[in-house]
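Encoded as structure tokens, the structure appears first; notes follow it.
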Amino acid sequence: MKNIPDLKLSKKGYELLEMYKLMVDQGYDNNLFNIKKFKEFLKNIFLENKVKSVLDYGSGRSNWFDNKFDNTKNQTAIEYFGLNKVFQYEPTIINTKKEVAECVLCFDVLEHIFLSDLKNVISDLYYHSTKIVVLQVACYEAKAKLTNGENAHITVRNPLWWKGFIDAVSSNFEKTQTVLICSTEFNKASVFKKWSLNEWNESETYKVDL
């Protein structure tokens, strides 16, 4: 069992969490299940890495057990991806719990995190993964507003900024692979080549390509 440090947020981080909880209580829809847009890509990732367990980190109310996930075969998301276990963690919902899994998925979450908390939150993703972390980040402003009037996407940065930031954090977890998807619009995204510190170190060159 991994020795995982407790995740600690800044004062602003905890204030933001309370705002997000209030938004959900007031009817904000967090049942988007945005991995549907990338389901074929993710299925290939899971097959390639023999992933059988997933932690959906910041899952909202996504329903992994709805048999309408794949309409062509009436499959649930678990069936479609060929998984044995799915754990869901959503800090705005009581009694969801983080569990260690082979793959940690984190979709449409990091842009909601206060800048000074990003390093700790991203590290927490890696602590809960035994194989691979798959991240998707929105690099544009949201339609939704926080209760104080600010945009709900509080950390909007370009894809190369995210790649550099996550490179730095992921290098502390040498065996864990990373896949980064950056959405520059709701239906437009770019994917960086999968990487890990081990792969960098085993390369025959010194230059690490994006």
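The values are calculated or read from the model by the stated rules, or taken from the named source; none is laboratory data. The structure presented is a predicted model; accordingly, all values stated were derived computationally and were not measured. All Cβ positions, glycine included, derive from the backbone under ideal geometry; neighbour counts span all protein chains shown. Quick note on the areas: whole protein, heavy atoms, side chains included, nothing else; ligands and nucleic acids left out. Shrake-Rupley method; radii C 1.70, N 1.55, O 1.52, S 1.80 Å.
What distance in nm separates the two pseudo spin-label positions at THR72 and ASN172, each 7 Å out from Cα along the beta-carbon direction?
4.2 nm
Is segment 1-99 rounded, prolate or oblate when judged by the Cα gyration tensor, a ≥ b ≥ c being the square roots of its eigenvalues, rounded requiring a/c under 1.5 and prolate requiring a/b larger than b/c?
Cα axes put segment 1-99 in the oblate bin.
For the modelled label position 7 Å from the Cα of PHE41 along Cα-to-Cβ, which residues of segment 194-210 have backbone nitrogen atoms closer than 19 Å?
In segment 194-210, the label zone of PHE41 (backbone N under 19 Å from the point 7 Å along Cα→Cβ) covers 194-196, 210.
Heavy-atom accessible area per residue, the chain, 1.4 Å probe: how many Å²? Walk me through the intermediate numbers first.
Details: 11590 Å² over 210 residues.
I get 55 Å² per residue for the chain.
Could you point to the residue in LEU7, MET23, ASN187 farthest towards the positive end of the chain's charge dipole, with +1 and -1 charges on the Cβ of Lys/Arg and Asp/Glu respectively?
ASN187
For segment 89-205, give the magnitude of the charge dipole about the Cα centre (Cβ charges: +1 Lys/Arg, -1 Asp/Glu; no others), in debye to the nearest 20.
That gives a dipole near 180 debye.
For segment 107-210, run through the chymotrypsin sites (Phe, Trp or Tyr not before Pro) and keep only the ones in DSSP coil with at most 12 other Cβ atoms within 10 Å of their Cβ.
Numbers: sites: PHE107, PHE114, TYR126, TYR127, TYR140, TRP161, TRP162, PHE165, PHE173, PHE186, PHE192, TRP195, TRP200, TYR206; in loops: PHE114, TYR140, PHE173, PHE186, PHE192, TYR206.
Answer in residue order: PHE186, TYR206.
Any idea what the dipole of segment 16-165 comes to, in debye rounded to 20, about its Cα centre with Lys/Arg Cβ at +1 and Asp/Glu Cβ at -1? Could the numbers behind the result be given before it?
Values: 19 positive and 18 negative charges, 78 e Å.
For this selection, approximately 380 debye.
In whole Å, what is the distance between the alpha-carbon centres of segment 60-113 and segment 191-210?
That distance is 29 Å.
Take SER116 and SER203, extend 7 Å from each Cα along the Cα→Cβ direction, and tell me the distance between the two endpoints in nm.
Each label point lies 7 Å from its Cα, and together they span 3.4 nm.
For the chain, just say rounded, prolate or oblate: build the C-alpha gyration tensor, square-root its eigenvalues into a ≥ b ≥ c, call rounded for a/c under 1.5, and beyond that prolate if a/b exceeds b/c, oblate if not.
Working: a/c = 1.44, a/b = 1.13, b/c = 1.28.
Rounded is the answer for the chain, as its axis ratio a/c remains below 1.5.
Just name one of ILE93, LEU47, CYS103: the one whose Cα is farthest towards the positive end of the charge dipole of segment 26-149 (beta-carbon charges, Lys/Arg +1, Asp/Glu -1).
Final value for the positive-end residue is LEU47.
Rounded, prolate or oblate: which one fits segment 73-115, using the alpha carbon gyration tensor with axes a ≥ b ≥ c (rounded when a/c is under 1.5, else prolate when a/b beats b/c, else oblate)? Intermediate values should be presented prior to the final figure.
Details: a/c = 2.09, a/b = 1.77, b/c = 1.18.
Here segment 73-115 falls in the prolate category.
Just from its helices, what would the mean residue ellipticity at 222 nm be for the chain, if runs of 4 or more DSSP H residues each count -39500 (n - 2.57) and the sum is divided by every residue, rounded to the nearest 500 deg cm²/dmol? Numbers along the way, then the final one.
Values: 6 runs with 58 residues, N = 210.
Calculated at 222 nm, the ellipticity per residue is -8000 deg cm²/dmol.
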